[in-house]
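What follows is a single structure, written as structure tokens, with notes after it.
The values are calculated or read from the model by the stated rules, or taken from the named source; none is laboratory data. Quantities reported herein were computed from a predicted structural model and do not represent experimental measurements. FYI the Cβ positions are ideal-geometry reconstructions off the backbone, even for glycines, and counts take in every protein chain you see.
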Amino acid sequence: MSDLRVRFAPSPTGYLHVGGARTALFNWLLAKKLGGSFILRIEDTDVDRSTKESVDAILEGMKWLGLNWDEGPFYQSDSFPIYKEYVQKLVDVGKAYKCYCTVEDLDAKRNLAMQEGRKPKYDGACRERRELLEGQPYVIRFRAPQAGVTSFDDLIKGTITFPNEELDDLIIQRTDGTPTYNFCVVIDDASMRITTVIRGDDHVNNTPRQIQLYEALGFPVPQFAHVPMILGSDKARLSKRHGATSVIAYRDMGFLPEALINYLVRLGWSHGDDEIFSSSEMIQKFDINNVGRSASVFNTEKLLWLNAHYIKNGDPERLANLLLPHLSAREVTTLGGPDLMSVVKTLQERAQTLEEMADRAVFYYNAPVSYDEAALAKFDKEQLKSVFTAVSMKLADVSGLDVAGIDALFKEVCSENGWKMGQVGQPVRIALSGGTQAPGIGEIVVTLGVEEALRRIQKAQEFIAL
Ligand code: GLU
């Protein structure tokens with residue numbers, strides 16, 4: 001084990017967003033690569049917006065992606081007494097103070113500043129106050145340094161410097177006694193001995209305030225790596241209006257976790273021209289210093305391409321298990337039908353998602369109740385009847401043939417009757433599956449079983465005779 005300690009710290013106010021998942025992934029990868037620890041912390045100090053459902057959804061998303069954590073989940077709401085203790089410590093040494101300014105006072109001052117074209121900033125009215133106002137409500141503010149700069153070397157963005165005069169005295173405890181967000185983060189990251197903070201770059205502006213707090217409390221300051229945002233195709237921050245943003249929605253749309261992980265790792269990080277990474281390759285090759293500085297655009301086409309790759313190369317037994325809920329959603333039961341693993345093998349070559357695969361698997365279990373009539377109409381009725389009769393006679397004689405054997409048998413039917421493969425294969429495919437979008441004819445017959453194939457050809461024969 002190395003000393004590296006990283007964390008993913010979601011606020012449980014919604015589902016696990018793909019952007020959050022990528023942040024979690026980068027943390028996980030670094031921990032795995034360097035033999036460090038990956039900690040999960042639920043930042044639920046905003047009690048009004050945090051929900052148990054959201055915590056569950058985040059944990060479900062993490063588990064589905066395989067982003068296993070070494071410690072936690074820890075809940076900030078369990079640490080309120082500890083935050084209070086540290087607030088008191090700062091007050092005791094004069095690094096924090098009670099501020100009695102009312103919201104109305106502060107609003108009036110802010111409005112005046114804006115009218116006069118000044119940047120609104122707390123004016124320090126209570127900073128040097130000596131007397132305590134008994135019985136009056138107060139917040140506690142951090143006594144921030146007023147001169148100099150606060151600077152850090154971001155592992156992704158390089159050196160970032162903030163003049164201290166731009167940072168006002170942060171409220172660390174509200175009137176109701178609850179600690180504020182930036183304060184809790186510092187106490188937690190310090191007490192969890194986090195060495196590297198990897199998070200979204202929407203937190204860059206919080207970082208100087210947090211660094212000042214670390215220094216005031218005498219805690220070592222961790223390293224920071226701020227990951228650029230993910231954008232939609234219109235270059236606006238990725239949101240629901242661009243399509244699905246929840247990890248679990250991608251699962252439900254039939255994406256494989258390894259495809260989403262592979263997609264996310266390449267959003268902002270690259271290793272030469274490589275596109276396909278197994279998780280061990282990712283761990284081996286990942287380097288936080290190679291994460292790009294600019295935002296990345298979410299590209300669903302590429303995600304589909306990766307998903308198709310992983311479906312095509314996936315283990316049929318595992319895919320069969322993953323396919324089951326998608327079949328149930330279509331009210332398809334596989335009981336008494338062909339072996340699902342064999343079905344998967346006939347479909348995995350061409351399906352981009354498990355949803356698509358499920359759509360294409362339905363005919364194996366539910367015999368067609370209607371046919372693609374436009375496709376059937378391309379053939380002469382009498383010709384169709386002769387094809388179905390010839391094929392049925394051939395099939396009735398066989399047993400135990402494999403795909404190549406069945407394909408050869410169809411070739412025989414063609415040569416014996418002077419037909420082209422298209423004249424035979426396509427009508428039979430329609431008879432067996434209802435349409436033309438189906439696997440090879442030999443594959444279908446072997447997977448359905450010859451008996452069931454014969455039944456379906458018979459039904460089609462009856463249908464065209466009507
Ligand atoms: N809870 C914060 C968020 O969900 C993350 C804070 C951090 O990583 O420091 O955006």
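Taking region 1-11 as the region of interest, how many residues are within 14 Å of the ligand (Cβ to nearest atom) and either more than 30 Å from ASP176 (Cα to Cα) or surrounded by fewer than 24 Cβ atoms within 10 Å (Cβ to Cβ) (or both)?
First pass over region 1-11, keeping only residues within 14 Å of the ligand (Cβ to nearest atom): 5-11.
Next cut, either more than 30 Å from ASP176 (Cα to Cα) or surrounded by fewer than 24 Cβ atoms within 10 Å (Cβ to Cβ) (or both) only: 5-6, 11.
Within region 1-11, residues that are within 14 Å of the ligand (Cβ to nearest atom) and either more than 30 Å from ASP176 (Cα to Cα) or surrounded by fewer than 24 Cβ atoms within 10 Å (Cβ to Cβ) (or both) number 3.
Quick one: in region 379-414, of everything that is free of Cβ contacts under 8 Å to residues at least 40 places away in the same chain and of a type in the set (D, E, K, R), which residue is nearest to THR447 (Cα to Cα)?
ASP407
Being at pLDDT 95 or above, more than 15 Å from TYR75 (Cβ to Cβ) and more than 14 Å from the ligand (Cβ to nearest atom) narrows it down to one of LYS33, LYS52, so name that one. Before the answer, list the steps.
Details: LYS52 fails: more than 15 Å from TYR75 (Cβ to Cβ).
Exactly one of LYS33, LYS52 is at pLDDT 95 or above, more than 15 Å from TYR75 (Cβ to Cβ) and more than 14 Å from the ligand (Cβ to nearest atom), namely LYS33.
Out of all the residues in region 388-422, which are among the β-branched types (Val, Ile, Thr) and either part of a loop (DSSP other than H, G, I, E, B) or more than 17 Å from LEU466 (Cβ to Cβ) (or both)?
If we filter region 388-422 for residues that are among the β-branched types (Val, Ile, Thr), which is where we start, we get 389, 391, 398, 403, 406, 413.
Listed by number, the residues that qualify are VAL391, VAL398, VAL403, ILE406, VAL413.
If only one of ASP176, ASP168 is surrounded by 13 or more Cβ atoms within 10 Å (Cβ to Cβ) and away from the ligand (no atom under 16 Å from the Cβ), which one is it?
Values: ASP176 fails: surrounded by 13 or more Cβ atoms within 10 Å (Cβ to Cβ).
Residue meeting the stated conditions: ASP168.
Of all residues in region 182-233 being small (Gly, Ala, Ser) and within 12 Å of the ligand (Cβ to nearest atom), which is nearest to ASP287 (Cα to Cα)?
Step one: list which residues in region 182-233 are small (Gly, Ala, Ser), which gives 190-191, 200, 216, 218, 225, 232-233.
Still in the running and within 12 Å of the ligand (Cβ to nearest atom): 200, 225.
Values: GLY200: 17, ALA225: 12 Å.
If we take residues in region 182-233 being small (Gly, Ala, Ser) and within 12 Å of the ligand (Cβ to nearest atom), then ALA225 is nearest to ASP287 (Cα to Cα).
Which condition from (1) within 16 Å of the ligand (Cβ to nearest atom); (2) of a type outside the set (D, E, K, R); (3) crowded, with 17+ Cβ neighbours inside 10 Å; (4) at pLDDT below 95 is the one that SER79 breaks?
Failed condition: (4).
Need the failing condition index for ALA320 against (1) over 20 Å from the mean Cα position of the chain (by Cα); (2) not in a helix (DSSP H, G or I), just the number.
Result: ALA320 passes all but (2).
Could you tell me which numbered condition LEU40 fails, if it satisfies all but one of (1) touching a Ser or Thr at 6+ places or on another chain (Cβ under 9 Å); (2) under 23 Å from SER246 (Cα atoms); (3) more than 11 Å from the ligand (Cβ to nearest atom); (4) not acidic (Asp, Glu)?
Of everything listed in (1) touching a Ser or Thr at 6+ places or on another chain (Cβ under 9 Å); (2) under 23 Å from SER246 (Cα atoms); (3) more than 11 Å from the ligand (Cβ to nearest atom); (4) not acidic (Asp, Glu), LEU40 misses just condition (1).
So, VAL6, is that one among the hydrophobic types (A, V, I, L, M, F, W, C), touching a residue at least 60 places away in the same chain (Cβ under 8 Å) and more than 26 Å from PRO220 (Cβ to Cβ) or not?
no
Please specify each residue of region 408-434 satisfying the condition of being farther than 25 Å from VAL369 by Cα and of a type outside the set (A, V, I, L, M, F, W, C).
LYS411, GLU412, SER415, GLU416, ASN417, GLY418, LYS420
Can you spot a residue in region 59-74 that is at pLDDT 95 or above, among the polar types (S, T, N, Q) and surrounded by 12 or more Cβ atoms within 10 Å (Cβ to Cβ)? Give the derivation first.
Going residue by residue through region 59-74, those that are at pLDDT 95 or above are 59-74.
Then drop every residue that is not among the polar types (S, T, N, Q), which leaves 68.
With surrounded by 12 or more Cβ atoms within 10 Å (Cβ to Cβ) added as a condition, the list becomes none.
No, region 59-74 has no match at all.
Which residues, taken from region 232-253, are modelled with pLDDT of 95 or more and either crowded, with 23+ Cβ neighbours inside 10 Å or within 17 Å of GLY292 (Cβ to Cβ) (or both)?
Within region 232-253, VAL247, TYR250 qualify.
Before we move on, is ARG130 among the basic types (Lys, Arg) and loosely packed, with under 11 Cβ neighbours inside 10 Å? Working first, answer last.
Working: among the basic types (Lys, Arg): yes; loosely packed, with under 11 Cβ neighbours inside 10 Å: yes.
When the stated conditions are applied, ARG130 passes them.
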